[in-house]
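My structure is below; once you've seen it, I'll send some questions.
The values are calculated or read from the model by the stated rules, or taken from the named source; none is laboratory data. If you're wondering where the values come from, they're calculated on a predicted model, not measured in any experiment. Because the Cβ atoms are built from the backbone with ideal geometry, glycine has one as well, and the counts that use them run over all protein chains shown.
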Amino acid sequence: MRFLCFFLIFFLQLVTVFSQDENSTYFKIEGDSVFKKEIDLREVVIYKPVVFADNQERLNYFVLKRKVLKVYPYAKMASERLAKLNDRLNKIKSKRKKKKYTKMLEKFLQEELTAELKKLTRTEGQILVKLIYRETGSTAFSLVRELRNGFRAFTYNTIAKVFKISLKEEYNPLKVREDLFIEDILRNSSL
């Protein structure tokens, strides 16, 4: 009986060794120390080329393009500064010091950018809010609520509503046609 069990185990191991494909190709990715059978790739979203319904929509696209290219640098700057801010806030231990630092930074940004942002039109402001969502992954409302407080976010959103802008607006090119146009503009521009 022992001989039969030993033979069965030996046979099964022998079958598994010879059943492995010897023609498999393994890749060594630069910077990695493990060979892999497949290459990991990031997910890619492919959009159809934009087709305009009529000439009015084409005209609206080019007006939107001008506005997007005007406000995109602000959204990019907001994303970069938010990353730096989060790094700095992670280094600060005290909750009080974090609050003091964000107040100081808010005051500095208001002095630096208020004059430029006041020159934006309503639609450019709404596009900026959408682009901030695109760059950071969070709405402007949730960013203010996270970095300052809920009352401040509510106040800013209420003031923005006077100008017909919503800080809670999300960017969704798969469902909103204007957002699809914005995505097309950004993909085709050299920013």
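Taking the stretch 143-171 only, how many residues are within 17 Å of the chain's Cα centre (by Cα) and either at pLDDT 90 or above or farther than 27 Å from Arg96 by Cα (or both)?
Matching residues across the stretch 143-171 total 4.
Residue by residue through the stretch 164-191, note down the ones that are exposed (fewer than 12 other Cβ atoms within 10 Å of the Cβ) and in contact (Cβ under 8 Å) with a residue 12 or more places away in the chain.
Answer for the stretch 164-191, where residues must be exposed (fewer than 12 other Cβ atoms within 10 Å of the Cβ) and in contact (Cβ under 8 Å) with a residue 12 or more places away in the chain: Lys164, Arg187, Ser189, Leu191.
Can you tell me how many residues within the stretch 166-191 are aromatic (Phe, Trp, Tyr) and assigned to a helix (DSSP H, G or I)? Break it down into steps so the answer makes sense when it comes.
Here is the first cut: in the stretch 166-191, the residues aromatic (Phe, Trp, Tyr) are 171, 181.
In the following step, the residues that additionally are assigned to a helix (DSSP H, G or I) were identified as 181.
Looking only at that region, the number is 1.
Among the listed residues Tyr61, Tyr101, which satisfies the condition of being under 18 Å from Arg187 (Cβ atoms) and either touching a residue at least 12 places away in the same chain (Cβ under 8 Å) or touching a Cys at 6+ places or on another chain (Cβ under 8 Å) (or both)? Spell out the reasoning first.
On the way: Tyr101 fails: under 18 Å from Arg187 (Cβ atoms).
Selected residue: Tyr61, the only one of Tyr61, Tyr101 that is under 18 Å from Arg187 (Cβ atoms) and either touching a residue at least 12 places away in the same chain (Cβ under 8 Å) or touching a Cys at 6+ places or on another chain (Cβ under 8 Å) (or both).
Now for a different question. Of the residues that make up the stretch 99-121, is at least one in contact with a helix residue (DSSP H, G or I) (Cβ under 9 Å, 6 or more places away or on another chain), aromatic (Phe, Trp, Tyr), at pLDDT 85 or above and over 25 Å from Glu183 (Cβ atoms)? Working first, answer last.
The initial filter retains those residues of the stretch 99-121 that are in contact with a helix residue (DSSP H, G or I) (Cβ under 9 Å, 6 or more places away or on another chain), namely 101-102, 105-106, 109, 113, 116-117, 120-121.
Within this subset, residues satisfying the condition of being aromatic (Phe, Trp, Tyr) are 101.
Still in the list and also at pLDDT 85 or above: 101.
Retained after the next criterion (residues that are over 25 Å from Glu183 (Cβ atoms)): 101.
Yes, the stretch 99-121 contains at least one residue that is in contact with a helix residue (DSSP H, G or I) (Cβ under 9 Å, 6 or more places away or on another chain), aromatic (Phe, Trp, Tyr), at pLDDT 85 or above and over 25 Å from Glu183 (Cβ atoms).
Moving on. State all residues of the stretch 31-69 that are at pLDDT below 85 and of a type in the set (S, T, N, Q); if no residue qualifies, say none. Break it down into steps so the answer makes sense when it comes.
Taking the stretch 31-69 and keeping what is at pLDDT below 85, we get 31-51.
Hit for the stretch 31-69 is Ser33, nothing else.
I need every pair where a residue in the stretch 106-131 that is among the acidic types (Asp, Glu) has its Cβ under 6 Å from the Cβ of a residue that is assigned to a helix (DSSP H, G or I), sequence separation at least 6 or different chains.
Correct list of pairs: Glu124/Lys67; Glu124/Val71.
Can you confirm whether the stretch 84-105 contains a residue that is within 30 Å of Leu59 (Cα to Cα) and either surrounded by fewer than 12 Cβ atoms within 10 Å (Cβ to Cβ) or within 15 Å of the chain's Cα centre (by Cα) (or both)? Before the answer, list the steps.
First, pick out the residues of the stretch 84-105 that are within 30 Å of Leu59 (Cα to Cα): none.
Checking the stretch 84-105: not a single residue is within 30 Å of Leu59 (Cα to Cα) and either surrounded by fewer than 12 Cβ atoms within 10 Å (Cβ to Cβ) or within 15 Å of the chain's Cα centre (by Cα) (or both).
Tell me which residues, restricted to the stretch 112-163, are exposed (fewer than 13 other Cβ atoms within 10 Å of the Cβ) and assigned to a helix (DSSP H, G or I).
Selection gives Glu112, Thr114, Ala115, Glu116, Arg122, Gly150, Phe151, Thr158, Ile159, Lys161, Val162.
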